[in-house]
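The values are calculated or read from the model by the stated rules, or taken from the named source; none is laboratory data. This one's a predicted model, so the numbers in the text were calculated from it and none came from an experiment. Counting neighbours? That spans all protein chains shown, and the Cβs are built from the backbone with ideal geometry, glycine included. Each accessible area value is taken on the protein alone, full model and side chains, heavy atoms only, with ligands, DNA and RNA left out. Shrake-Rupley method; radii C 1.70, N 1.55, O 1.52, S 1.80 Å.
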Amino acid sequence: MRVLPAVLAGTVLSVLAGSQARSIVVPVPIVVGGISFPLPMAFLLPLLPVCLFLYGWGRADAVGERTAVRRVALLDAAAVLGATGLAAAVGFHSATGVMVARDFAGYLGLALVVRWCAGVLAAGLAVSVFPFVCASLGVRHGVPRVWAWPFLPAGSVPAALEVLVLLTVGVLLLWRGPLERSRQADLAAG
């Protein structure tokens, strides 16, 4: 059983709180071009439901799901798209809400891609570190680079395209199922 109710509640709460918490910041050291960068908490809150998704997938019975009558991958893909749609609907009321919803979709897509390649634990680590890497390496003189999509404005077309590609590839990989070596790594870890 996945933790879908917790994921949906975490999605709604993180988008609502993120759209209101733009002024709360965490200082992050910048590797190139400065001493520190104020990372708004709104960029970190979307990690909560993504980590809840990963927790649900990590506690799943991979062997049982491969032989199940139900299409578990279809249900997982529907849950991902449903949660993404819910985040977009909740965040639609403000520019910061749109950014938080976009970041949720991007982090979830990134987590799905890494999960497919390296397993749930590596996906959790990668997605948790990514905003800090963007803050440290992706901002130069206060201007985010195009690849640091979490820091681009709400109306940024490149950020929306990057997130759309990540989420699309992630859902397609989710549909396909994890690589055999990542399945074995998850079974050995759990």
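Per residue, how much accessible area does segment 110-172 have with a 1.4 Å probe, in Å²?
For segment 110-172, the per-residue accessible area is 46 Å².
Once neighbouring chains are kept in place and the probe is 1.4 Å, which whole percent of the accessible area of segment 3-188 is contributed by carbon and sulfur?
Accessible surface attributable to carbon and sulfur in segment 3-188 totals 73 percent.
If amide H atoms are built 1.01 Å from N in the plane of the peptide, which residues on other chains or at least 5 residues away come under 5 Å of the amide H of Ser36?
Ile30
If I model a spin label at Cys117 and Val3 as a point 7 Å from the Cα along the Cα→Cβ vector, what separation in nanometres do I get?
Going from the Cys117 label point to the Val3 one covers 2.5 nm.
Taking amide H positions as placed 1.01 Å from N in the peptide plane, with prolines and chain starts having none, which residues 5 or more places from Arg140, or on another chain, fall under 5 Å of its amide H?
Excluding prolines and chain starts, which carry no amide H, the hits are Arg145.
For segment 135-146, take each phi angle, set θ = phi - 60°, evaluate the Karplus expression 6.51 cos²θ - 1.76 cosθ + 1.60, and give the result in whole Hz per residue in order, putting x for glycine and proline.
Computed from phi, the couplings for segment 135-146 are 5, 7, 10, x, 10, 10, 6, x, 10, x, 6, 5 Hz.
Going by a ≥ b ≥ c, the root eigenvalues of the Cα gyration tensor, does segment 46-156 fall in the rounded group (a/c under 1.5), the prolate group (a/b larger than b/c) or the oblate group?
oblate
Order Arg115, Arg176, Arg2 by their accessible area, 1.4 angstrom probe, all chains in place, largest first.
I get Arg176, Arg2, Arg115, largest accessible area first.
Once you put a point 7 Å from the Cα of Arg176 and another 7 Å from the Cα of Asp61, both along the Cβ direction, what distance in nm separates them?
For Arg176 paired with Asp61, the spin-label model returns 2.7 nm.
Taking R0 as 35 Å, what's the FRET efficiency between Ala78 and Leu125 from their Cβ-Cβ distance, rounded to 0.05?
E(calc), rounded to 0.05, equals 0.85.
Using alpha carbon centroids, what distance separates segment 127-141 and segment 94-114, in Å?
Taking the Cα centre of segment 94-114 as reference, the centre of segment 127-141 is 15 Å away.
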